[in-house]
Structures are given as C-alpha cells and as structure tokens.
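Presented below is the structure to which this report refers.
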Amino acid sequence: MTPADIAAFNPPADHLAGRIILVTGATKGIGRALALRLAAHGATVILSGRSVKKLEQVYDALIAAGAPTPAMLPLDLENALATHYDAVAEAIGATFGRLDGLVHNASLLLTRTPISHYDVPTWCRLLQVNLTATFALTQVCLPLLEQSADASVIMTSSGVGRQGRAYWGAYAVSKAGIENLSEVLANEYEHNPAIRFNTLNPGATRTDMRALAYPAEDTTLLKTPTEILGAYLWLLGPNSRGHSGGRYNAQV
Ligand SMILES: NC(=O)c1ccc[n+]([C@@H]2O[C@H](COP(=O)([O-])OP(=O)(O)OC[C@H]3O[C@@H](n4cnc5c(N)ncnc54)[C@H](OP(=O)(O)O)[C@@H]3O)[C@@H](O)[C@H]2O)c1
C-alpha cells in the first residue's frame, strides 16, 4: 500500500465487525466523524469526552444510524487522576474484557504564541491533555489491548509535531512527544505483533481547532472530517497488522 492508497482506503461495511474501539475527543470534529464511521463499519465504539451532554448527542446519533450499541466514557483529560484512569480500565474490562483499538484524538491548541511570551500555566495544561493523558490512558489500557487478537493504537499527531514551527509552542512539543511515545511503545511491543502503535497526522481539516489556528482562512477549501478517514480505517483494521512504529498521514 502506498501512502496515497492508505489515505484513500475504503473498506467493506464489515471491516471492523466485532472490534471494540475507544475514541477520545469523540464529541466533535474529527473524533465525532470517526466514531460514526467506525460504527458504520461494524465497530462497537467507546465514546470518550469531557462533556456528558455532548457524548449523549453522539451516542444518540450512533443509535439512530443503527450502529452497534456504543458505550460512553466521560473523562476530562485535563483533570483526570490516577483513580479515574484505573476506573476507566476497570469499566472497559468489566464490560468488554478487551480493547481492539484506541484512538487518542482529543487535544487542545489554546494559543499560538512565541516561546518568549508563552505562559507557563498554558504550557502545563496543554502538555497534560495532549501528552501526559495520552501516556496515562495508554498505560492503563495496555492489559486490555493485550487481550485482543489484533489491537491498534493511534496517536493523533500534526505537521508541527514532525517539524517544529514558530508560534506553535506547547502544541507542537506535545505532538512531537506523542510521536516519540508511540515509537517507544512500538519498540517495547516488538515481541508482540498483535499490538501496533502508530501516529497519524490528519492534515488541514475543517474543524473548530483549525478555525482557531487559522481564523481568516477560507474553510470551504478544507476537507471535512468525514473526508479524511481512510487512513484511520486502515490502521484500525486487519490490513495494517504488523505495521507498528510508523508515522502516517490522512491526507497525501
Ligand atoms: N483539524 C485540523 O486541521 C488538525 C490538523 C492536525 C492535527 N489535528 C489533530 O486532530 C485531532 C482532532 O482535532 P479536531 O480538529 O477535530 O479538534 P476539535 O474539533 O477542537 O476537537 C477536539 C476534541 O478534543 C476534546 N477535548 C479537548 N479537551 C479535552 C479534555 N480536557 N478532555 C477530554 N476531551 C477534550 C474536545 O472536547 P469538547 O467537545 O468538550 O471541546 C473535542 O472532542 C487533535 O488531536 C488535533 O490536534 C487536527
């Protein structure tokens, strides 16, 4: 598969049948569109987000679409403590006994500011949500992923995580951090081809976060979240088995 083939991947309706996949930041933007598409391909989606009300709206959309009954997992990644992460793993274990997919999609951008003026509390919030929470949630989910016959973890990156750029501050650093975290995990699990870890850069996509970064942009020129999901489907399904430690792009 070439990078373009992966980005354009368009599998059959049963591609993810029977798989249990957790998506963080499932309340809007790419995460919401992804949750709906995964369910359309047969996955049971565990919807995670910080707002119960917004999670209920996505839950209802999935039920209305005739999807496998999803689960809701309220979790505020900025304020979650070790006990919350342990409770998450216990709840998934008790309900499903395993996890076949984990998509770290939730993220903050907050501000674009030169490092000389970057505010320390903002830096800490951003690294907490984008990097430390990704580590903590992955860590508690590892035993559940180990119960899967074919598990895939995606950490959502960005162009500025692969090459730092002025004014992107803690956001860029957090994305570079998850690129490295994913590679560390891929290396640690080399002995176990049943679990893969990869990063995926969605590329410019028409969402609230993109509008915050580029407020003057003509948004009609951007792909919508539903138009960039091919690589997610490839990474979460059986075709990508054995591909671990990679850096992928949703738009080529
Ligand atoms: N859009 C792009 O052009 C672009 C480009 C490169 C990379 N990305 C990456 O793609 C991913 C999705 O971005 P998007 O554009 O879809 O962004 P978005 O529309 O702003 O959605 C971000 C999601 O993260 C959730 N979130 C934020 N803080 C949270 C917290 N403390 N706890 C739990 N959830 C939290 C949001 O929940 P609420 O609904 O509660 O706010 C929302 O569901 C991100 O990782 C982003 O960095 C996007």
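Structure above, values below:
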{"quantity": "Near pairs, Cβ below 6 angstrom, 6+ apart or cross-chain, from region 48-76 (over 15 Å from Leu137 (Cα atoms) and open to solvent by 20 Å² or more (accessible area, probe 1.4 Å)) to any residue that is part of a helix (DSSP H, G or I) and near the ligand (Cβ under 10 Å from one of its atoms)", "calculated": "Met72/Leu55"}
{"quantity": "Given (1) under 23 Å from Thr111 (Cα atoms); (2) more than 10 Å from the ligand (Cβ to nearest atom); (3) outside any loop (DSSP other than H, G, I, E, B), number of the condition Leu233 does not satisfy", "calculated": "(1)"}
{"quantity": "The listed residue being under 22 Å from His191 (Cα atoms), crowded, with 20+ Cβ neighbours inside 10 Å and not aliphatic (A, V, I, L, M), out of Gly237, Gly242", "calculated": "Gly237"}
{"quantity": "Failed item, numbered, when Arg125 is tested on (1) touching a residue at least 40 places away in the same chain (Cβ under 8 Å); (2) touching an Asp or Glu at 6+ places or on another chain (Cβ under 7 Å); (3) at positive phi", "calculated": "(3)"}
{"quantity": "Verdict on Arg112 being in contact with an Asp or Glu (Cβ under 8 Å, 6 or more places away or on another chain) and open to solvent by 50 Å² or more (accessible area, probe 1.4 Å)", "calculated": "no"}
{"quantity": "Residue within region 24-46 that is assigned to a loop (DSSP other than H, G, I, E, B), within 21 Å of Gly93 (Cβ to Cβ) and near the ligand (Cβ under 10 Å from one of its atoms) present", "calculated": "yes"}
{"quantity": "Scope region 185-205; condition buried (at least 20 other Cβ atoms within 10 Å of the Cβ) and not in a strand (DSSP E or B); matching residues", "calculated": "Leu185, Tyr189, Pro202"}
{"quantity": "Among (1) at pLDDT 95 or above; (2) under 22 Å from Gly31 (Cβ atoms); (3) among the polar types (S, T, N, Q), the one test that Thr111 misses", "calculated": "(1)"}
{"quantity": "Test: residue in region 207-214 that is open to solvent by 50 Å² or more (accessible area, probe 1.4 Å), within 14 Å of the ligand (Cβ to nearest atom), without any contact (Cβ under 8 Å) to a residue 24 or more places away in the chain and charged (D, E, K, R)", "calculated": "yes"}
{"quantity": "Candidate set from region 90-114 (those that are away from the ligand (no atom under 14 Å from the Cβ) and β-branched (Val, Ile, Thr)); member that is nearest to the chain's Cα centre (by Cα)", "calculated": "Ile92"}
{"quantity": "Qualifying residue in region 84-99 (condition: surrounded by fewer than 16 Cβ atoms within 10 Å (Cβ to Cβ) and part of a loop (DSSP other than H, G, I, E, B))", "calculated": "yes"}
{"quantity": "Of all residues making up region 151-184, the number that are open to solvent by less than 40 Å² (accessible area, probe 1.4 Å) and of a type in the set (Phe, Trp, Tyr)", "calculated": "2"}
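Each row is one residue, and each column tells you yes or no for (1) of a type outside the set (Val, Ile, Thr); (2) within 19 Å of Thr2 (Cβ to Cβ).
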{"position": "Thr207", "(1), (2)": "no, no"}
{"position": "Arg210", "(1), (2)": "yes, no"}
{"position": "Thr224", "(1), (2)": "no, no"}
{"position": "Gly237", "(1), (2)": "yes, yes"}
{"position": "His243", "(1), (2)": "yes, yes"}
{"position": "Asn249", "(1), (2)": "yes, yes"}
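Every residue, every condition in (1) out of contact with any Lys or Arg (no Cβ under 8 Å at 6 or more places or on another chain); (2) of a type in the set (A, V, I, L, M, F, W, C), yes or no:
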site	(1), (2)
Asn79	yes, no
Ala82	yes, yes
Thr95	yes, no
Leu102	yes, yes
Thr113	yes, no
Ser116	yes, no
Thr134	yes, no
Leu137	yes, yes
Gly161	no, no
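The values are calculated or read from the model by the stated rules, or taken from the named source; none is laboratory data. Since we're looking at a predicted model, the values are computed, not measured. Cβ sites come from the backbone with ideal geometry, for glycine too, and all protein chains shown count toward neighbours. Heads up: the accessible areas ignore ligands, DNA and RNA and are worked out on the full protein's heavy atoms, side chains in. Shrake-Rupley method; radii C 1.70, N 1.55, O 1.52, S 1.80 Å.
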